[in-house]
Amino acid sequence: MRSWRNIPPRMEPRDAGGRYPPGGAWLGDPGPVTLGSTFRTMFWLAMAAVVPGRSVTADIVFDPRMVYCVAVEPAPLGGTPVACDVAIALGHVTATMTVAEQQGATILDADRVAAAVVHWRCVGEGETRVETRLRDTTAGAPCGLLIVQRPRG
């Protein structure tokens, strides 16, 4: 099993212009996953969509016939501190996060922050879309992640 220290750089998606996905929040791409496996995705917040010291709520919606959320844990140490309260339901995760105010600290990439690590279990074969959206923001449409789920073997 991969730990967060081994998450490949491609889990921080950018388009050809170097911009992060619209919507204010997104999940990193885990690459193809295998039926029955547990995998992780990094949950990212765009700093433009949050105000340090204030809470923001995100919804993650998925098809529970294909994947389900096992757990959500705090982001890796060393980044911007994020407090996170999570509710996991069938086909839906609600996460309320507060990005800490940085006093005298340097944020390496000030346009986004790693907010949490989401643990998933692959229970179906094919492709499934997971959508992430911030509530109460003008960040736009949800950000979709297409997960390719392969058979064992």
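The values are calculated or read from the model by the stated rules, or taken from the named source; none is laboratory data. Quantities reported herein were computed from a predicted structural model and do not represent experimental measurements. As a convention, Cβ positions derive from the backbone with ideal geometry for all residues, glycine included, and neighbour counts pool all protein chains shown.
Worth pointing out:
- Of the set (1) at pLDDT below 85; (2) acidic (D, E); (3) closer than 24 Å to Q149 by Cα; (4) in contact with a helix residue (DSSP H, G or I) (Cβ under 9 Å, 6 or more places away or on another chain), all apply to D15 but (4).
- Top-ranked residue of the range 78-92 - restricted to ones that are modelled with pLDDT under 80 and small (G, A, S), ranked as nearest to M42 (Cα to Cα): G79
One line per residue, one yes/no per condition, for (1) touching a strand residue (DSSP E or B) at 6+ places or on another chain (Cβ under 8 Å); (2) more than 26 Å from P32 (Cα to Cα); (3) among the small types (G, A, S); (4) surrounded by 13 or more Cβ atoms within 10 Å (Cβ to Cβ):
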| position | (1), (2), (3), (4) |
| --- | --- |
| P52 | yes, yes, no, yes |
| S55 | yes, yes, yes, yes |
| A58 | yes, no, yes, yes |
| V67 | yes, no, no, yes |
| V70 | yes, no, no, yes |
| E73 | yes, no, no, yes |
| P76 | yes, no, no, yes |
| A83 | yes, yes, yes, no |
| V93 | yes, no, no, yes |
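- Residues of the range 78-100 satisfying the condition of being more than 14 Å from the chain's Cα centre (by Cα) and within 17 Å of R112 (Cβ to Cβ): G78, G79, T80, P81, T98, V99, A100
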